[in-house]
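Only one structure is covered here, and it is reproduced in the block below.
Every number here is computed from the coordinates shown, using simple stated rules; none is lab data. No experiment lies behind these values; they were computed from the predicted model shown. Every residue, glycine as well, gets a Cβ built from its backbone with ideal geometry; the counts of neighbours run over all protein chains shown.
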Amino acid sequence: EGSTRTLKLCNSQKCPRDSVDFRAAQCAEHNSRRFRGRHYKWKPYTQVE
C-alpha cells in the first residue's frame with residue numbers, strides 16, 4: 001500500500017557549538033517586521049508530535 005521512498009542523509013556531522021539553529025535563524029529574520037501592527041520576537045515551534 002502506498003508508495004515507497006528511499007531517503008539518504010547527506011550531512012551527518014554535528015554542527016559547531018556556537019552555530020545558530022537553522023529554524024531559529026529563519027524566525028529571527030521576521031523579528032524586524034510588523035505583524036498585525038505589532039513587533040514580535042519569533043522563535044521556532046519545537047513541540048512537534
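A few notes on this one:
- Subtracting the Cα-Cα distance of Ala28 and Lys43 from their residue separation scaled by 0.36 nm leaves 4.7 nm.
- Each other residue within a Cβ distance under 14 Å of Lys41 adds +1 if Lys or Arg and -1 if Asp or Glu, for a net charge of +3.
- Positive-end residue, the chain charge dipole about Cα centroid, Cβ charges, pick of Phe22, Thr4, His39: His39
- The protection proxy used here, the mean number of other Cβ atoms lying within 10 Å of each residue, ranks peptides 18-26, 34-42 as follows, highest first: 18-26, 34-42.
- Percentage of interatomic Cα-Cα distances in the chain larger than 18 Å: 59
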